[in-house]
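The values are calculated or read from the model by the stated rules, or taken from the named source; none is laboratory data. Predicted, not measured: the structure shown is a model, and the values here were computed from it. We place every Cβ from the backbone using ideal geometry, glycine too, and count neighbours over all the protein chains shown. Surface accessibility is based on the protein's heavy atoms, side chains included, excluding ligands, DNA and RNA. Shrake-Rupley method; radii C 1.70, N 1.55, O 1.52, S 1.80 Å.
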Amino acid sequence: MTLFVTVLLDKGLKKPLTYKVPDSMQSLVKAGKRALVPIQKRSAKGTILELLKKAPKYPVKEVLEITSDEIINEDLKKLAQWMANYYATPLPFVMKTILPGSLRKDMKKKTQYMIHTVLRGEKLIAYTASIREKYPKRAAVLDILLKHKKGIFLSKLLEEKVSVSAINTMVKDKILKKDLVEVDRSVLADVPFFKTSAKVLGTEQQIAFDAIEASLEEGAFKTFLLHGITGSGKTEVYLQAIEKALSLGKGVVMLIPEIALTEQTVERFKHRFEEKIAVLNYRLSDGEKTDAWNNIAKGKIPIVIGARSAIFSPISNLGLIIVDEEHELSYKQIDEMPCYNARDIAVVRGSFTKATVILGSATPSLESIYNVMEKKYEYLQMNSKAVAKNPPTIKLINMEEEREEGGKGFTMLSQTLLSEIKKRIDVGEQVILFLNRRGYFSCQVCTACNETISCPSCDSSLTYHRGEKVLACHLCGYEKKAPITKCPKCGEMETLKYRGPGTEQVERSLHAIFPEIRTLRMDRDTTKHKGSHETILKQFRAGKADVLIGTQMIAKGLDFPLVTLSAVIGADSSLHIPDYRSTESLYQVMTQVIGRSGRAELPGLALIQTYYPNHPVMQAVVKEDFKNFIKTELADRKLCNYPPYFKISKCIFTSTDKVAAEKTAENFYLYLQKFLGKEVQIYKPMPCGYAKIKDKFRFQIMLKSKSTNKIAHLLAHHTIKIPNKVRLLIDIGATSTFS
Ligand code: ADP
Ligand code: ZN
């Protein structure tokens, strides 16, 4: 019987093409392999999607070559198709997201020369001694090889400044052997291994684990929402669930937000399992990614830990998927199609492979809470600390009152906060300060005409960075020398004032107040270089600073036993962002910051500076009343048809030509109105929250609906001509109404 295959080309076409498989390749062909196929007068590479037993009704050409091992397994193929439909994205774009770019290039394995000795042990020692006088250079090479019984890479050997001709001669004389070997660039380089053993679970942990264990044993698809306060021991539950999955011969994928994917986190996992673990993050090179992918696909590695895209790892027999900090917005891809949410993909993929899915968080998203209410997820709760600890006392500081007492107008650091910091420095305890803005001041405003100095390419004000003496755009990276003394609009001199303090200013103010203070700052400015993130954390853990000041980055799963004070300096400005999710995000980040203090034996204190102490979100945080927060927030969302009750979809039109972008959006809006029924609310095109980024004007159409199937189908098959200079981005299940 002759087989036919559908092949999805890497470039160009949106639909897979059908080819005939020549007899010689019948035994080689398999879905998921790569193939070279003729197209028009040339050839092109692609991935085999399906095998067909029936010839198509039209004549087709033959496959030219089948090139590599299987790179994509059955459930990933199914997932790709699901994503194409759900996110209204052509399959090739989905495949591009799923497969590491390097893989599609059919990258060659890295190979290197390995040098071995033919003689071993005593014989080699004797031989070396016998030639030492006559051929000292050759003997020098052998001396090194005596220390490398398993051989040494030629490149490494040459680093020892030995003679190349001595090596070549001995290879010719068959004293040495030189082989070309494949080298793994995988990041699984052997780390010293100290196995930790499973802890005896606490009561709540045991209840959670029992439910998960039962699900793993049953082998049916099930999703758990593990709602556990910081320090309740979620990680220990994950570890034991992974152990169980491995004992049942199942593969595991665990997602951790990129910024929490630190050495400290990963080591907790590496030290528990003898099995190999692949860690996938953006810092890997193309080669490392390819090797990791191949090793996972071949079943050499049963556990993958990684950020967003690790959900596409080709783990076979996938039986357990864990998404830690499931509420994190970094799981959502927003700037490129498919605009997928890895948390949601985890659940879909789990349903395909009959996996147990655990979504864990101290502050679950409203979507997941809603899914529990709808009985789609099973709820597991852990309300007490795994190790008895002094829970932090939480206090709100009313900044309006501070301002009046201080009598100096605006204050950034309240007297209460300063005196608590002082107490900590005096006894050698540590402090974490959270601020949602990096830089020194977030903008420079003219007091004469109210003009804000903004980026020439973006709809965004420039942030003053005092250290570098620049005004910088946080959207595109544009920089301008600072300070500016003359207003570019009204031309007045000396009228420009700075507004909105950032992390850099907090750091300087602290030094001015406490000259002896030692600080570290962690934000995007101080973590530009590879490894700097880890370095700062290590220094802080080693007690090299009293205070760690930072943005979001410091709020994530870090465990510092000496931290007894954590404070939110200014976060309530985010309440002014017109986005349905700002309150939820604020609640989450404040709760995380609070969780950073009092992790060890020392009692903790958490302070929140706010201008709105009576705002429901502030009250919920200080009372640790998640239930009440959920209740009020869900009521608000319901009233306005926002998620989780309705889904938001966005069509974003961008172009350097403002008129073209707006006009296309208008046409598209009319089209959608015509074809979508009353069950979908469509909003007129509007400029996006950031109306311009990098000289591109941005317009959006927002849609609200209970289900997105119909919208996605229409968007995938629309007949509106989008001009070349306009780009359309479709975001189904948008996590923001603003950006
Ligand atoms: P979470 O991830 O929920 O914030 P962790 O898993 O980091 O909490 O646990 C907090 C601390 O409690 C860790 O130091 C961990 O080693 C410890 N821990 C967790 N479970 C247990 C247990 N059953 N027995 C003893 N210590 C535990
Ligand atoms: Zn800019």
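Take every Cα-Cα pair in the chain and report what % of them are more than 51 Å apart. Counting every Cα pair in the chain, those more than 51 Å apart make up 23 percent. Think of it this way: in the chain, Cys339, Cys443, Cys476, Cys640, Cys651, Cys688 stand alone, with no other Cys Cβ under 4.7 Å.
Rolled with a 1.4 Å probe across the full set of protein chains, the surface gives Ile394 an accessible area near 20 Å². Output the pairs from Lys270/Lys375; Lys54/Lys332; Lys222/Lys385; Lys244/Lys538; Lys375/Lys647 with a Cα-Cα distance over 28 Å in this structure; if there are none, say none. In this structure, Lys270/Lys375; Lys54/Lys332; Lys244/Lys538 exceed 28 Å between Cα atoms. For region 710-724, backbone nitrogen atoms closer than 13 Å to the point 7 Å from Lys674 Cα along Cα-to-C-beta are found at 718-721. Sparsely packed loop sites in region 383-484 (the trypsin sites (Lys or Arg not before Pro) outside DSSP H, G, I, E and B with at most 15 other Cβ atoms within 10 Å) comprise Lys408, Lys469.
Computed about its Cα centre, the charge dipole of the chain is approximately 2980 debye, with only Lys, Arg, Asp and Glu carrying charge at their Cβ. Note on Lys276 and Ser197: the model spin-label points, each 7 Å out from Cα along the C-beta direction, lie 2.8 nm apart. Taking every protein chain into account, the accessible area of region 309-398 amounts to 36 square angstrom per residue (probe 1.4 Å).
For the residues His718, His148, a 1.4 Å probe over the protein chains yields an accessible-area ranking, largest first, of His148, His718. Each principal axis of the Cα atoms in region 559-715 has its own extent, and those three values, largest first, are 63, 36, 28 angstrom. Indicate the helices, whole DSSP H runs only, in the chain that combine a mean Kyte-Doolittle hydropathy of 0.5 or more with a Cα extent along their long axis of 15 angstrom or more. Answer set is 121-131, 136-147. Overall dimensions of region 383-521, expressed as equivalent-ellipsoid semi-axes from the Cα gyration tensor (√(5λ), whole Å, largest first), are 35, 18, 15.
Across region 617-656, counting alpha-carbon atoms alone, Rg and Dmax equal 15.4, 49 Å. Grab the other residues whose beta carbon is less than 10 angstrom from that of Pro685, score K and R as +1, D and E as -1, and report the net. Every neighbour counted, the sum reads 0. Entry note: region 624-709 has Rg to Rh equal to 1.11, where both radii use alpha-carbon atoms and Rh is the Kirkwood radius. Computed across region 478-558, the Kirkwood radius stands at 15.1 Å (inverse of mean 1/r, all Cα pairs). Here the accessible area of region 543-603 is 61 percent carbon and sulfur, with a 1.4 angstrom probe and all protein chains present. Over region 301-395, all Cα pairs binned in 5 Å intervals from 0 give whole-percent P(r) values of 3, 11, 20, 21, 17, 13, 8, 4, 2, 0, listed from short to long.
Accessible area per residue for region 447-497, computed on protein heavy atoms with a 1.4 Å probe, is 56 Å².
Ranking Val63, Ile131, Ile701 by Cα position along the charge dipole of the chain, where only Lys, Arg, Asp and Glu carry charges on their C-beta atoms, puts Val63 farthest toward the positive end. Remark: accessible surface ordering of Asp625, Asp459 (largest first) is Asp459, Asp625, probe radius 1.4 Å.
Looking at region 118-167, the trypsin sites (Lys or Arg not before Pro) that sit in a DSSP loop and have at most 12 other Cβ atoms within 10 Å of their own Cβ are Arg120, Lys134, Lys149, Lys150, Lys161. Working from label points 7 Å from Cα in the Cα-to-Cβ sense, the Glu468 to Glu666 distance is 4.0 nm.
The convex hull built on the alpha-carbon positions of region 203-320 has an orientation-averaged projected area of 7.4 nm². Length gained on full extension, Arg120 to His713: 206.7 nm, using 0.36 nm per residue less the C-alpha separation. Other residues with beta-carbon under 15 Å from the beta-carbon of Val171 carry, at +1 per Lys or Arg and -1 per Asp or Glu, a net charge of +4.
Couplings 3J(HN,Hα) of region 357-365, computed from phi: 10, 10, 9, x, 5, 8, 9, x, 5 Hz, in residue order, whole Hz [Karplus 6.51 cos²θ - 1.76 cosθ + 1.60, θ = phi - 60°; x for Gly and Pro].
A simple packing score, the average count of other Cβ atoms within 10 Å per residue, orders the peptides 94-100, 276-282, 36-42 as 94-100, 276-282, 36-42, with the highest score first. Expressed as a fraction of 2.2 N^0.38 Å, the C-alpha radius of gyration for region 264-422 is 1.44. Among the protein heavy atoms of region 675-739, carbon and sulfur supply 57% of the accessible surface, probe 1.4 Å, non-protein parts ignored.
Please label the shape of region 687-739 as rounded, prolate or oblate, based on the square roots a ≥ b ≥ c of the eigenvalues of the alpha-carbon gyration tensor (a/c under 1.5 means rounded; beyond that, a/b larger than b/c means prolate, else oblate). Since a/c reaches 1.5 but b/c is at least a/b, the shape of region 687-739 is classed as oblate. Relative to the current alpha-carbon distance between Glu263 and Asn614, full extension at 0.36 nm per residue lengthens the span by 122.4 nm.
Counting only Cβ charges, +1 for Lys and Arg and -1 for Asp and Glu, the dipole size of region 458-512 around its Cα centre is about 140 debye. Taking the inverse of the mean 1/r over every pair of distinct Cα atoms in region 262-328 gives a Kirkwood hydrodynamic radius of 12.6 Å. Computed from the Cβ-Cβ distance with R0 of 60 Å, the FRET efficiency linking Ser130 to Lys57 stands at 0.15. Full extension of the chain between Leu146 and Lys684 yields a length gain of 186.0 nm, computed as 0.36 nm times the residue separation minus the alpha carbon distance. Under a model in which nothing but the beta-carbon of Lys, Arg (+1) and Asp, Glu (-1) is charged, region 622-663 shows a dipole of about 140 debye around its Cα centre. Taking the helices alone, the chain has a mean residue ellipticity at 222 nm of -9500 deg cm²/dmol, built from -39,500 (n - 2.57) per DSSP H run of at least 4 residues and averaged over all its residues.
Give the residue from Thr89, Leu586, Asn436 lying farthest towards the positive end of the charge dipole for the chain; charges sit on Cβ (+1 for Lys and Arg, -1 for Asp and Glu) and the dipole is referred to the Cα centre. Value computed over the given set: Thr89.
Have a look at Val617, Pro561, Gly604 and report the one farthest towards the positive end of the charge dipole of region 556-680, computed about the Cα centre with Cβ charges (Lys/Arg +1, Asp/Glu -1). In region 556-680, that residue is Val617. Between Ser27 and Asn390, the modelled labels are 7.3 nm apart [label points 7 Å from Cα along Cα→Cβ].
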